[in-house]
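Visitor: My questions will all concern the structure given below.
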Amino acid sequence: MLAFMVGEKIPQDDKVWQLLMTMKDIVELVMAPVHTDESIGYLDSKIGEHRYRFLEVFTHEKLIPKHHFLEHYPWLITAFGPLVALWTMRFEGKHSFFKKIVRQTSCFRNILMTMARKHQSMIAYNLHDSNILKPALSVSKMITVAVEVLRENIKELVVRKFPSQVAVNMANKADQGFGQSNKNVSASTVTSDNRTA
């Protein structure tokens, strides 16, 4: 995304930009759901290129352990398959919730019970607050409009689908499920014999 936003303003031979684009290529390869021997070899070459460019751009910086761990990714992909199936991002996200509780709690007498209760309260709040039981689309205000006053292309579609229909019900606002409201959506429904189609 960054390449599309600012890429044309940066010279192609800029060393920092080339380092960033190499890192982008590495991330795309590591997150790929399928690998071949060629893609693993290409990843290995990109990691070497990234290491070289990093040391070229940041001459006073040393490589950190994460740079070393990155060199093992091609072997890990060969041994275990795509790394995207092994990542722990969701677990780390869940763990951050508990770390925040521990930092905010001043009583450590039974910290496991405290974390369990806070977690259950959070789950109950989210279940109560979410609109699980709401339909996927709910319409509040509806008006009846004659078919002949509709735009030509819409009128043709309605007449083709419902030849005997003389009026349609239209809504100026449709609420999508799960608490999302889309005020700019124009929803129209055709009713025939008291049924919505």
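The values are calculated or read from the model by the stated rules, or taken from the named source; none is laboratory data. The structure presented is a predicted model; accordingly, all values stated were derived computationally and were not measured. Cβ: placed from backbone, ideal geometry, glycine included. Neighbour counts: every protein chain shown. Please note that ligands, DNA and RNA were not included when accessible areas were found on the heavy atoms of the full protein model with its side chains. Shrake-Rupley method; radii C 1.70, N 1.55, O 1.52, S 1.80 Å.
Visitor: For the range 1-87, state which GluC sites (Glu not before Pro) are in a DSSP loop and have at most 10 other beta carbons lying within 10 Å of their beta carbon.
Guide: Values: sites: Glu8, Glu28, Glu38, Glu49, Glu56, Glu61, Glu71; in loops: Glu61.
Loop-located and lightly packed - Glu61.
Visitor: I would also like to ask the following. In whole Hz, what ³J(HN,Hα) sequence does the range 68-81 give by Karplus (6.51, -1.76, 1.60; θ = phi - 60°), x for Gly and Pro?
Guide: 5, 4, 4, 5, 7, 4, x, 5, 4, 5, 5, 7, 10, x
Visitor: In the range 1-69, which chymotrypsin sites (Phe, Trp or Tyr not before Pro) are in a loop and have at most 15 other Cβ atoms within 10 Å, using DSSP for the loop call? Don't skip to the answer; put the middle values down first.
Guide: Numbers: sites: Phe4, Trp17, Tyr42, Tyr52, Phe54, Phe58, Phe69; in loops: Phe58.
Qualifying residues, ordered by number: Phe58.
Visitor: With a cap of 16 neighbouring Cβ atoms within 10 Å, and only residues DSSP puts in a loop, list the trypsin sites (Lys or Arg not before Pro) found in the range 1-98.
Guide: On the way: sites: Lys9, Lys15, Lys24, Lys46, Arg51, Arg53, Lys62, Lys66, Arg90, Lys94; in loops: Lys62.
Taking the range 1-98 and a limit of 16 other Cβ atoms within 10 Å, the loop trypsin sites (Lys or Arg not before Pro) found are Lys62.
Visitor: Output ³J(HN,Hα) for the range 49-64: one whole-Hz value per residue in order, computed from phi by the Karplus curve 6.51 cos²θ - 1.76 cosθ + 1.60 with θ = phi - 60°, and x for Gly and Pro.
Guide: Karplus values, whole Hz, x for Gly and Pro: 5, 5, 4, 4, 5, 4, 5, 6, 7, 9, 5, 8, 9, 9, 5, 9.
Visitor: Output needed: percent of Cα pairs per 10 Å distance bin for the range 9-157, bins running from 0 to the one holding the longest distance.
Guide: Taking every Cα pair in the range 9-157, the percentages come to 8, 20, 16, 17, 20, 13, 6, 1.
Visitor: Restricting to Cα pairs below 8 Å that are 6+ residues apart, what does the relative contact order work out to for the range 2-125? Please round to a whole percent.
Guide: Details: 58 pairs, mean separation 30.3, N = 124.
Relative contact order here is 24 percent.
Visitor: How do Asp44, Asp25, Asp13 rank by accessible surface area computed with a 1.4 Å probe, from largest to smallest? Don't skip to the answer; put the middle values down first.
Guide: Numbers: Asp44 85, Asp25 35, Asp13 115 Å².
Solvent-accessible surface, decreasing: Asp13, Asp44, Asp25.
Visitor: Could I ask something else about it? Along Cα→Cβ, 7 Å out, is where each label goes; now give me the distance between the ones at Ser106 and Asn153 in nm to one decimal.
Guide: Computed distance between label sites Ser106 and Asn153 equals 6.5 nm.
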